[in-house]
Amino acid sequence: QLVESGGGLVQTGASLNLSCAASGDFDIMGWYRQAPGGQRELVATKSVYGATNFADSANGRFIITRGGWRTVHLQMKNLKIDDTAVYYCNAQQIATSNVYWGQGTQVTVNS
């Protein structure tokens, strides 16, 4: 089970933090997002071994951190209108190939 927190309504240029807590241990955790009418896309992921993966749109503005095997945090800075989407926590176990998704949290950026 993945429990997400954070999100909300902000203006352009603002910052926002998202957090996700898992009920088990996961090698890789991160965030994907889906804008209205769009497909779910990568935002950023981070493994407990240190490897990170960022979408071009997030690189330089977002910071992803892990708080051990069960939590992931996303610091979003200088938010843009195009960042408006439902953000989903994602968790992966390498040994089992299991992938889990959170229920999603809305981020809305207004001008």
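The values are calculated or read from the model by the stated rules, or taken from the named source; none is laboratory data. Owing to the predicted nature of the structure, the values given are computational and were not obtained by experimental measurement. Note: ideal-geometry Cβ built from the backbone for every residue, glycine included; neighbour counts use all protein chains shown. Heavy atoms of the whole protein, side chains included, go into the accessibility calculation; ligands, DNA and RNA do not. Shrake-Rupley method; radii C 1.70, N 1.55, O 1.52, S 1.80 Å.
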Checklist entry - Rounded to a whole number, what % of the accessible area of the chain do carbon and sulfur atoms account for, probe 1.4 Å? => result 47
Checklist outcome for this item: Output row, site Thr12, 7 Å Cα→C-beta label point, backbone N cut-off 13 Å, window the stretch 64-108, residues 78-84
Checklist entry - What net charge do the residues around Leu9 carry, taking every other residue with its C-beta under 15 Å from that of Leu9, with Lys and Arg at +1 and Asp and Glu at -1? => result 0
Checklist outcome for this item: Kirkwood Rh for the chain from C-alpha pairs, in Å, is 13.8
Item to check | Solvent-accessible area per residue, Å², over the stretch 29-89 with all protein chains present [probe radius 1.4 Å] | outcome: 50
